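Have a look at the structure below before the remarks.
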């Protein structure tokens with residue numbers, strides 16, 4: 001399929017309940033994400049750790065002040081429960097979802113919204129609702145990228161079927177997969193594209209610049225009560241989770257890359273599960289290509305529905321991910337202002353053509369080896385990491401200028417007549433001070449906190 005082919009959203013495309021009949025159906029599913037620019041939206045996701053204020057212990061699922069109680073309490077705000085095997089595992093309301101990560105992390109998957117003003121209002125409203133219920137139960141929530149105190153054994157396990165399958169499989173494919181599942185938190189943004197060529201340019205810029213975002217948002221310097229030697233341990237964990245489904249995807253930069261290339265890659269990423277009759281069937285290690293041929297062990301002769309492809313794409317975890325939109329995955333969780341800054345950074349780069357073109361000019365000559373080296377340095381060195389003898393802080397300043405320009409060009413105003421550039425101010429402050437959020441926490445840990453990790457709960461709670 002030639003790059004640049006303009007594709008409208010295909011109203012007549014297969015439904016998720018339809019059988020997949022050919023490789024073309026898989027490609028068409030990705031292709032159907034192409035949207036006219038005036039329908040582009042912003043979808044923001046963020047995770048946070050819940051804990052008991054009295055003991056600083058993590059939240060178990062059950063109990064009068066556990067995860068279930070939080071989910072039940074939030075229903076007073078109109079959220080409807082999502083039930084699996086008799087357990088409430090999430091909530092939904094007006095296109096948004098609250099879901100549980102494996103270790104009980106609360107995730108808000110926001111509705112697709114038009115402006116960053118709406119996005120930040122959504123985050124603010126959600127955190128307010130969480131705080132109302134949490135205060136009643138004596139709970140708190142942390143905005144940080146990695147669990148700062150609890151061991152893996154101390155971290156609870158949520159009753160979600162897919163996580164049981166993933167948890168067992170993670171031990172076979174890397175050393176840090178369970179750390180990712182149970183002890184990490186992130187903030188992410190999902191953005192649209194208009195055509196295959198637009199997707200390709202955005203995907204390449206997203207992958208190349210993901211380490212820059214990682215440095216700006218680095219906020220996970222503690223593990224089990226002590227400094228871990230990283231500014232973003234969350235980012236480091238992804239380097240040894242499962243190489244078959246993670247990483248910087250160098251093939252995205254190959255000539256001729258497009259929807260077909262990504263679909264072909266995803267066909268061979270090992271599967272986790274197939275969902276049938278509300279049950280998750282373990283097919284770990286087998287490929288979607290096998291599934292297409294009816295060769296899955298345990299499901300012999302069964303071929304996939306398009307919903308299976310949709311599910312499978314959610315189990316692939318590169319630094320930036322393609323579904324029917326692009327997902328930026330490189331940032332640590334943090335406080336309210338940085339939850340709004342992450343989508344502001346990428347919207348400024350991606351939703352103004354001149355900013356996108358200039359961002360591509362920054363990274364287009366970087367080699368796969370240089371991109372990978374930068375990705376490995378940043379979790380340790382943060383803004384001081386280098387590529388081609390340039391510090392990340394210097395590149396980040398250029399990128400932030402482009403984001404400012406892009407948001408100014410968008411000119412989406414709030415009721416006070418302000419555009420969206422104000423959401424970047426917290427990143428400008430980080431660059432002005434030339435110090436990551438993680439380094440600030442480390443400085444306090446070694447000085448005013450007197451190496452008492454419990455003080456991080458005061459510092460980073462919402």
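Numbers at a glance
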| read-out | value |
| --- | --- |
| In Å, descending, principal axis extents of the Cα set of segment 126-201 | 50, 39, 25 |
| For 46, 443, 52, 312, order by how many other beta-carbon atoms lie within 10 Å, fewest first | 443, 52, 312, 46 |
| Ellipsoid semi-axes in whole angstrom, largest first, where each is sqrt(5λ) of the Cα gyration tensor of segment 331-395 | 22, 19, 9 |
| Taking the chain and dividing mean pair separation by its residue count, relative contact order in percent (alpha carbons under 8 Å, at least six apart) | 21 percent |
| Relative packing of 202-212, 148-158, which averages over residues the other C-beta atoms within 10 Å, highest first | 202-212, 148-158 |
| Relative pair counts by distance (%), Cα atoms of segment 23-460, 10 Å bins | 4, 21, 32, 28, 12, 1, 0 |
| Inter-centroid distance (Cα atoms) of segment 257-272 relative to segment 164-228, Å | 19 Å |
| All-pairs alpha carbon distance profile, segment 231-390, 5 Å steps from 0, percent | 1, 7, 13, 17, 18, 16, 11, 8, 5, 2, 0, 0 |
| 24 Å tail of the calculated P(r), segment 174-322, as % of Cα pairs | 43 percent |
| Antiparallel content of DSSP bridges confined to segment 206-336, in %, to 5 | 75 percent |
| Highest to lowest packing among 387-396, 97-106, scored as the average C-beta count within 10 Å | 97-106, 387-396 |
| Relative packing of 177-189, 316-328, 367-379, which averages over residues the other C-beta atoms within 10 Å, highest first | 177-189, 316-328, 367-379 |
| Percent of beta bridges antiparallel (DSSP, segment 23-460, rounded to nearest 5) | 95 percent |
| Two-decimal log10 I(q)/I(0) for segment 369-462, as the Debye equation yields it once each C-alpha is a single scatterer, q = 0.12, 0.16, 0.18, 0.24 Å⁻¹ | -0.57, -0.86, -0.96, -1.13 |
| Calculated log₁₀ intensity ratio I(q)/I(0) where the Debye formula runs over C-alpha points of segment 63-177, q = 0.16 Å⁻¹ | -0.87 |
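No lab work stands behind these numbers, since they all come straight from the coordinates. Just so it is clear, the structure is predicted and the values come from calculations on it, not from any experiment. For neighbour counting, all protein chains shown are included, and Cβ atoms are generated from backbone atoms with ideal geometry for every residue, glycine included.
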